[in-house]
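As structure tokens, the structure follows; a few thoughts come after it.
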Amino acid sequence: MGGLNCRVIGQREVAAEIFLLELEAPELALKCQPGHFVHVRTADGWDPLWRRPFSIHRVSEDKRSVRLLYRKVGKGTSRMQAFRTGDFMNLLGPLGKPFDLGGGFRTAVIAAGGLGIAPVFFLADRLADAGIKTVLFWGVRNSGELVGLDELSALGVEIHTATEDGSAGFRGRVTELLKEHLPASVPDPSGFACGPMPMLKSMQALVPKTGFRWQASLEEKMACGAGVCQGCAVRIRSGGYQMVCADGPVFDLMELDFNG
């Protein structure tokens, strides 16, 4: 089977059908960077057969454990939610290409849609360590999905929220919220976007107005997680396709062709 057998430290429901899972995985914690993901076997048997990809949500301060934030939506995540403290879960990782934090930028502008927030916490941790100011725009369906805001505030993150039902923050989508704030006068900015494809497509239209580079972390179903099955291909503007698992999940947002 391969992979790492990691002991479940704990798991809890942090919002309706949204779970935070912590795994003892020092070998993984020492290697992973913001934007990396793991490929998880969600059951001991062969049903479901394929692993599921999850972004690294956070790494513990002592580099002994990793956390995954996920929504229970189908058979795989339902089986995953059944794991209890002391059980062992098999992971492949860290996989993929992480965020590029080079370039000397002084402000990080982050746009997240729904559970696209999952990799943002790890990213925010590293940005805070580097003394980089972080401004977050986060859009969800309702206020009940806004988890971990206190943790982000403790890192010094400036948070702007949008809810589709108007129950918190701006009423509407995160891209509409961004239109009201950008381009903003922030020093030496760099952009990071995490969320579903429709959101990223809308974000792409905003990039020229911001005047700075945006990296995007893509969400995609995967079978192998290693670029072999080619089930997670995305079209690139310069021509051809790349695999989200092997060439991503982080891409330059302007390189993606959402009309392919």
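Tabulated data
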| quantity | calculated |
| --- | --- |
| All positions within region 102-145 that are free of Cβ contacts under 8 Å to residues at least 40 places away in the same chain and either touching a helix residue (DSSP H, G or I) at 6+ places or on another chain (Cβ under 8 Å) or within 22 Å of residue 176 (Cα to Cα) (or both) | 124, 134, 136, 138, 140, 141, 142, 143 |
| Tally of residues being farther than 15 Å from residue 189 by Cβ, surrounded by 18 or more Cβ atoms within 10 Å (Cβ to Cβ) and charged (D, E, K, R) across region 127-151 | 1 |
| Residue satisfying condition, being surrounded by 17 or more Cβ atoms within 10 Å (Cβ to Cβ) and over 23 Å from residue 145 (Cα atoms), within set 26, 48, 34, 53 | 48 |
| Subset of region 170-220 (residues that are farther than 25 Å from residue 247 by Cα and of a type in the set (D, E, K, R)) | 171, 173, 176, 179, 180, 188, 209 |
| Scan of region 209-234 for residues that are surrounded by fewer than 14 Cβ atoms within 10 Å (Cβ to Cβ) and over 20 Å from the mean Cα position of the chain (by Cα), ordered by number | 209, 211, 228, 230 |
| Condition check for residue 163: among the hydroxyl-bearing types (Ser, Thr, Tyr), over 21 Å from residue 99 (Cβ atoms) and buried (at least 18 other Cβ atoms within 10 Å of the Cβ) | yes |
| Single residue of region 205-220 satisfying the filter (modelled with pLDDT of 90 or more and in a loop (DSSP other than H, G, I, E, B)) that is nearest to residue 34 (Cα to Cα) | 213 |
| Count of region 221-260 residues which are touching a residue at least 40 places away in the same chain (Cβ under 8 Å), in contact with a strand residue (DSSP E or B) (Cβ under 7 Å, 6 or more places away or on another chain) and part of a loop (DSSP other than H, G, I, E, B) | 3 |
| Sole exception among (1) more than 21 Å from residue 68 (Cα to Cα); (2) in a strand (DSSP E or B) for residue 110, by number | (1) |
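The values are calculated or read from the model by the stated rules, or taken from the named source; none is laboratory data. Quantities reported herein were computed from a predicted structural model and do not represent experimental measurements. Cβ coordinates were reconstructed from backbone atoms using ideal geometry, including for glycine residues, and neighbour counts include every protein chain displayed.
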